[in-house]
Every structure is written in structure tokens, then in C-alpha cells.
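Have a look at the structure below before the remarks.
The values are calculated or read from the model by the stated rules, or taken from the named source; none is laboratory data. Keep in mind the model is a prediction, meaning the values are calculated, not measured. Here Cβ is always computed from backbone atoms with ideal geometry, including for glycine, and neighbour counts include all displayed protein chains. These area figures cover heavy atoms from the full protein model, side chains too; ligands, DNA and RNA do not enter into them. Shrake-Rupley method; radii C 1.70, N 1.55, O 1.52, S 1.80 Å.
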Amino acid sequence: MRLIYSTAVAALLVLPVHARATELEGPARFCGYSPIIDLLPGEKVTTLEGGIHGGNFRWEGAFGSFYVQGIGWASPAKGRMLNQPSADKPAIFAPRRVKQGYQVAIWNGAHATAYFTSPSPFSAAQMAAIKRVRLFEEGQQPSGCKLQTIFVWE
């Protein structure tokens with residue numbers, strides 16, 4: 001099993017699932033599995049681990065940083081939903097306390113979910129960053145991805 005991290009300039013870096021982290025910098029559209037983030041200048045994603053149905057990465061920017069777990073085939077997140085999902089905006093779940101600190105989840109209304117974890121309570125800037133994220137799920141091909149993670153069986 002390998003993950004391939006690609007960029008628009010067609011350079012490919014093939015890494016084993018538990019290889020060293022790879023930094024992907026904005027501005028560019030990052031399509032992780034399953035978050036889609038239009039990275040702003042100065043923002044970056046550091047890929048961590050991946051598997052069949054999802055992957056983990058760190059997202060950093062002016063808002064601070066998050067540990068993000070994206071899942072392309074998931075059930076709705078637990079907790080209180082703050083808004084209903086729509087075609088262009090996922091549902092956001094209220095922040096909740098977890099073992100690693102605090103967590104906010106988003107869900108597309110079908111099978112894609114992402115969990116954002118921070119060691120301290122979420123700031124307004126962090127919540128605004130989360131609201132920029134869109135999701136895709138298994139079988140879908142998001143467009144405009146200049147930076148992405150792709151799961152490959154070997």
C-alpha cells in the first residue's frame with residue numbers, strides 16, 4: 001500500500017504509508033481524503049498517514065494549526081449539528097472536548113466526514129478556516145486539485 005502526493009507540475013513522490021511527512025504549501029487547492037481546502041498564501045498541509053478510507057494531516061496557517069482526520073466513507077459525526085448540510089456546504093458540529101483537546105467535525109450529509117482537533121478551545125479564526133473546507137467521498141473526483149493525496153494499492 002502506498003500514498004502518492006502529487007502537484008500540478010506533475011512531480012510525483014511515492015511514499016510508504018508510514019513515511020516521513022510531506023509539506024504541501026498554498027496558495028493552491030488541496031484535496032486530501034476527504035477534505036478539500038483552498039489553501040491561502042502562507043498556509044500549508046503536512047501529510048501524516050493514510051489508509052483505504054481516509055487520511056490524516058496537519059493544517060497550519062494564520063489561524064494556528066489543526067490535526068485533521070478525513071474519512072471518505074463514514075457515518076455522521078457525533079454531537080450537536082450546528083447547521084444542516086447542503087450541496088455546497090457541509091454540516092458543522094459543535095466543538096466538543098476529546099482526549100486530545102477539542103474537536104470540531106464536518107459532514108457532507110452522505111459519507112464524507114472530517115475531524116479537526118486542537119489542544120485548546122477553537123478561536124473564531126479557526127472556526128472560520130473550518131467553514132472554508134468542503135468534502136468529497138469515495139468514488140468522487142474533486143476538480144481543480146493542484147495538491148492532493150491519492151490512495152494506491154500495490
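Evaluating 6.51 cos²θ - 1.76 cosθ + 1.60 at θ = phi - 60° for every residue in the range 101-112, the Karplus couplings come out as x, 10, 9, 10, 10, 10, 8, 7, x, 10, 10, 9 Hz, glycine and proline recorded as x. Placing unit charges on the Cβ atoms of the charged side chains and taking the dipole of the range 48-131 about its Cα centre, the candidate lying farthest along the positive direction among SER86, TYR102, SER75 is TYR102.
Among LYS99, LYS78, LYS89, the order of accessible area from largest down is LYS99, LYS78, LYS89, computed with a 1.4 Å probe on protein heavy atoms. So what does log10 I(q)/I(0) come out to for the range 91-154 at q = 0.14 Å⁻¹, using the Debye formula with one equal point on every Cα and no solvent? With no solvent term, the Cα-only Debye profile gives -0.52.
Taking every protein chain into account, the 1.4 Å probe leaves SER143 with about 80 Å² of accessible area, to the nearest ten. Of GLU25, GLU138, GLU43, the order by accessible heavy-atom surface (1.4 Å probe, DNA, RNA and ligands excluded), from most exposed downward, is GLU25, GLU138, GLU43. With every protein chain in place and a 1.4 angstrom probe, the accessible-area ranking of MET127, MET81, largest first, reads MET81, MET127. Counting only heavy atoms of the protein chains and using a 1.4 Å probe, TRP73 has close to 130 Å² of accessible surface. For LYS78, the lysines whose Cα falls under 16 Å of its own Cα, not counting residues fewer than eight places away in the same chain, are LYS99. For LEU82, the solvent-accessible surface computed with a 1.4 Å probe is close to 90 Å², ligands and nucleic acids excluded. The distance between label points at LEU40 and ALA128 comes to 0.6 nm (points 7 Å beyond Cα on the Cα→Cβ vector).
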